[in-house]
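Participant: Right, I'll just put the structure down here and ask away after.
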Amino acid sequence: MLANNVSNLSELFQQRIAESEKLECYRIKNGDLWLPVSWSVFSGEVDAVAAGLIQTGFEHGQTVAILGKTSPYWCESDMASILIGGRTVGIYDTLLADQIQFLLEDSCAVTLFVAGEEAYARVLPFLDTVESLKQIVVWEHQPDSREGVFTLSELKALGRETLEKTPQVVASRASKVKGDDVALIVYTSGTTGRPKGVPLTHSNVLSQLKSGDMLIEDITGEDITISFLPMAHVAEHVPGFFGRSNTGMRTAFATSYDTLLDELLEVRPTYFGAVPRIFEKMYGRILERVAHANPRRQAIFRWVRDLARRRAQAAMGGPALSLKDRMLLPLAERMVYRKIRDVFGGRVKAFVTGAAPIDLEILEFFYGVGMRIIEVYGLSEATAISFANTLDRQQLGTVGWAIPGLEYKLADDGEILLRGPTVFGGYLNLPDENNSVFDDEGYLCTGDIGEITGNGCLRITDRKKNLIKTAGGKYVIPARVESVAKSEPLISQVYIHGDNRPFVVALITLDDRETDRVAEELKTTPEALPSHPVVVERVAKAVEVANSKLARFERIKHHTILPADFSLEAGTLTPTLKIKRRIVADHYSTEIERLYTEASASYQSTSAAPQ
């Protein structure tokens with residue numbers, strides 16, 4: 001851990017190179033081979049980019065924007081900017097042109113790094129329309145010659161020429177970086193309006209890395225993870241990329257999301273960060289396969305599933321395992337548990353996840369199987385992680401304990417309030433907004449609702465603005481209802497509606513990654529699936545199972561399967577795949593009204609039937 005001994009990220013990076021120069025930094029896939037790259041080689045590329053930026057006139061405090069999938073080039077560009085006192089803005093490659101333009105203008109980006117021909121074509125007009133933008137740097141594409149456009153190779157060549165003439169040019173600029181300089185500007189997803197820029201200083205990030213010792217104290221250069229989540233997200237950027245500079249842990253850059261499972265088997269990571277949906281889909285896929293098995297195999301699975309859950313509950317302070325259970329554990333291990341762990345390479349010490357709740361049944365099952373899913377909680381405004389479970393201390397169904405140095409309290413309505421060195425100083429260019437984002441004591445108002453358990457853990461319930469109050473006066477937590485309905489792998493999104501209504505209804509979408517496979521099995525087309533009897537029955541069963549875990553006032557009374565998934569293009573999802581609830585409610589108002597009409601008619605018909 002190097003963060004305790006440095007005052008800014010430039011020093012952190014330089015110290016890591018000095019400590020681990022010849023050791024592996026990352027690996028990339030070339031054909032069937034994974035090729036290792038050392039920290040010294042990575043450092044040389046970073047220095048070349050940094051010197052190239054300096055040569056083109058890039059100044060301390062200016063902004064670099066990066067648009068592209070997570071890759072070594074993304075990391076080189078990012079570290080080069082930060083090393084010489086720049087600010088980095090990560091841009092999701094799924095954003096539309098007008099959204100990209102807004103981020104460039106709002107952050108006053110001077111240089112834009114971009115990956116690939118398609119993305120380059122989208123952003124090229126911004127050289128003429130975005131006043132601050134002076135140059136575009138492209139990788140994985142060879143554009144026509146034009147003023148203000150470089151390839152990454154050309155920028156590096158320029159940088160190497162500069163370093164030959166003035167070898168200390170990068171080190172000199174790095175020495176001027178201060179802890180209170182802004183290192184990153186992370187944009188919120190904009191669920192309730194325009195995205196807001198969150199400036200994070202070098203000190204914010206270092207405070208996060210220092211406090212992270214509680215979570216990753218045993219990580220060394222022998223450990224390896226796999227990088228596939230977007231670097232534009234604060235979790236992959238700070239505890240991910242900068243966390244590796246802090247610990248020396250290696251990473252493998254996944255080729256694509258579609259090849260991830262195969263590459264997990266090849267890399268066999270020891271730590272793995274993932275979104276909750278991966279575990280929900282994996283559990284759903286297991287249940288789906290079991291449903292098609294013979295009665296004997298179904299009985300065996302029920303036994304190993306229930307044993308896994310009892311094992312997890314015992315570890316969380318519940319009843320101890322019986323002698324019979326302890327004797328049968330080795331058998332369950334050989335028959336099922338080891339095979340499930342092998343899907344992720346077989347040697348993962350911990351899976352780290354956050355962003356959304358996971359059904360307790362799923363957490364208990366995987367814990368009992370030997371897959372430790374470490375839930376954490378945080379937000380961009382507090383530099384990624386504020387509460388965390390750890391390998392040594394875990395409470396399933398919660399996001400764990402506050403990180404060292406963080407002060408917190410709950411407001412009267414349950415809103416989580418935070419104060420400490422990881423908390424940012426206010427949004428970019430939004431002075432009016434900043435007047436309301438902190439309370440009178442300087443606590444950040446997170447907008448999240450939670451509760452503290454008896455042992456000091458935080459349990460997140462939902463976003464403050466998402467709470468639904470039914471006509472009967474009951475408060476429904478959408479995230480809770482929506483999460484328990486996602487065990488069916490065909491389901492992508494669940495949107496529940498019920499504010500000032502007598503009951504809850506749901507709009508459900510199908511997962512595009514599953515529809516081709518299921519359509520082939522059913523000998524139909526993906527477009528026909530929302531109305532196919534088998535799919536209708538599977539979704540109805542998932543809703544029924546979900547309802548069995550909910551209070552009566554929370555239960556989904558009626559639902560429909562939409563013909564298309566929510567999407568960024570349609571404006572119904574944020575870049576981090578959160579549902580824009582207000583947009584969905586407006587866009588599908590006709591479908592929602594029909595659900596209430598049909599449900600009410602069904603209820604009246606049932607009530608009028610002879611008893």
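Each row is one residue, and each column tells you yes or no for (1) in contact with a Gly (Cβ under 6 Å, 6 or more places away or on another chain); (2) buried (at least 20 other Cβ atoms within 10 Å of the Cβ); (3) farther than 23 Å from Ser600 by Cβ.
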position	(1), (2), (3)
Asp516	no, no, yes
Glu521	no, no, yes
Leu529	no, yes, yes
Lys549	no, no, yes
Phe553	no, no, no
Lys557	no, yes, no
Asp565	no, no, yes
Ala570	no, no, yes
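Participant: Okay, moving on. Can we say Asp306 is open to solvent by 20 Å² or more (accessible area, probe 1.4 Å), within 19 Å of Leu360 (Cβ to Cβ) and acidic (Asp, Glu)?
Facilitator: When the stated conditions are applied, Asp306 passes them.
Participant: Of these, Gly456, Gly472, which one is open to solvent by less than 40 Å² (accessible area, probe 1.4 Å) and outside any strand (DSSP E or B)?
Facilitator: Gly456
Participant: Same structure, new question: So which residues in region 446-467 are out of contact with any Phe, Trp or Tyr (no Cβ under 7 Å at 6 or more places or on another chain) and among the hydrophobic types (A, V, I, L, M, F, W, C)?
Facilitator: Ile449, Ile452
Participant: Quick one: which residue in Ala540, Ala546 is at pLDDT 90 or above, assigned to a helix (DSSP H, G or I), under 16 Å from Ser487 (Cα atoms) and not β-branched (Val, Ile, Thr)? Break it down into steps so the answer makes sense when it comes.
Facilitator: On the way: Ala546 fails: at pLDDT 90 or above.
Residue meeting the stated conditions: Ala540.
Participant: Which one of Asp359, Asp412, Asp325 is acidic (Asp, Glu) and open to solvent by 40 Å² or more (accessible area, probe 1.4 Å)?
Facilitator: Values: Asp359 fails: open to solvent by 40 Å² or more (accessible area, probe 1.4 Å); Asp325 fails: open to solvent by 40 Å² or more (accessible area, probe 1.4 Å).
Every option except Asp412 fails the conditions.
Participant: Check whether at least one residue in region 410-426 is of a type in the set (Ser, Thr, Tyr) and farther than 23 Å from Ser7 by Cα, and report yes or no.
Facilitator: no
Participant: On the basis of being in contact (Cβ under 8 Å) with a residue 40 or more places away in the chain, basic (Lys, Arg) and at negative phi, does Lys165 make the cut?
Facilitator: no
Participant: Right, here's the next one. Take the residues in region 40-75 that are free of Cβ contacts under 8 Å to residues at least 40 places away in the same chain and open to solvent by less than 10 Å² (accessible area, probe 1.4 Å); name whichever of them is farthest from Ser175 (Cα to Cα).
Facilitator: Only one residue tops the list, namely Phe42.
Participant: Restricting to region 519-537, name every residue that is outside any loop (DSSP other than H, G, I, E, B) and either among the aliphatic types (A, V, I, L, M) or in contact with a His (Cβ under 7 Å, 6 or more places away or on another chain) (or both).
Facilitator: Ala519, Leu522, Ala528, Leu529, Val534, Val535, Val536
Participant: Return the total of residues in region 171-185 being open to solvent by 10 Å² or more (accessible area, probe 1.4 Å) and either of a type in the set (Ser, Thr, Tyr) or within 23 Å of Pro239 (Cβ to Cβ) (or both).
Facilitator: Residues meeting the conditions: 7.
Participant: Still on this structure, I have one more. Answer yes if at least one residue in region 475-484 is touching a Gly at 6+ places or on another chain (Cβ under 6 Å), assigned to a loop (DSSP other than H, G, I, E, B) and either of a type in the set (Phe, Trp, Tyr) or in contact (Cβ under 8 Å) with a residue 12 or more places away in the chain (or both), and no otherwise.
Facilitator: No, every residue in region 475-484 fails to be touching a Gly at 6+ places or on another chain (Cβ under 6 Å), assigned to a loop (DSSP other than H, G, I, E, B) and either of a type in the set (Phe, Trp, Tyr) or in contact (Cβ under 8 Å) with a residue 12 or more places away in the chain (or both).
Participant: May I pose another question? Hey, any hits in region 128-144 for a residue that's open to solvent by 40 Å² or more (accessible area, probe 1.4 Å), part of a helix (DSSP H, G or I), closer than 22 Å to Thr88 by Cα and without any contact (Cβ under 8 Å) to a residue 12 or more places away in the chain?
Facilitator: yes
Participant: Quick one: Gly317 ticks every box in (1) in a helix (DSSP H, G or I); (2) surrounded by fewer than 15 Cβ atoms within 10 Å (Cβ to Cβ); (3) at pLDDT 90 or above bar one, so which box is it?
Facilitator: The one condition Gly317 does not meet is (1).
Participant: Under 8 Å by Cβ, and 6 or more places apart or on different chains, what pairs join a residue from region 503-517 that is within 18 Å of Lys578 (Cβ to Cβ) with one that is among the aromatic types (Phe, Trp, Tyr)?
Facilitator: Ala506/Tyr495; Leu507/Tyr495; Leu507/Tyr588; Ile508/Tyr495; Thr509/Phe566
Participant: Residues Glu407, Glu433: which one is without any contact (Cβ under 8 Å) to a residue 60 or more places away in the chain and open to solvent by 60 Å² or more (accessible area, probe 1.4 Å)?
Facilitator: Glu407
Participant: Of all the helices (runs of 4 or more DSSP H) wholly in region 203-314, which have at least 1 residues that are under 17 Å from the mean Cα position of the chain (by Cα) and in contact (Cβ under 8 Å) with a residue 12 or more places away in the chain?
Facilitator: Output list reads 243-247, 260-267, 276-291.
The values are calculated or read from the model by the stated rules, or taken from the named source; none is laboratory data. What you see is a predicted model, and the numbers here were worked out from it, not measured in a lab. When we count neighbours, we look across all protein chains shown, and the Cβ atoms used for this are built from the backbone with ideal geometry, even at glycine. Areas reflect the complete protein model, heavy atoms only, side chains present, ligands, DNA and RNA absent. Shrake-Rupley method; radii C 1.70, N 1.55, O 1.52, S 1.80 Å.
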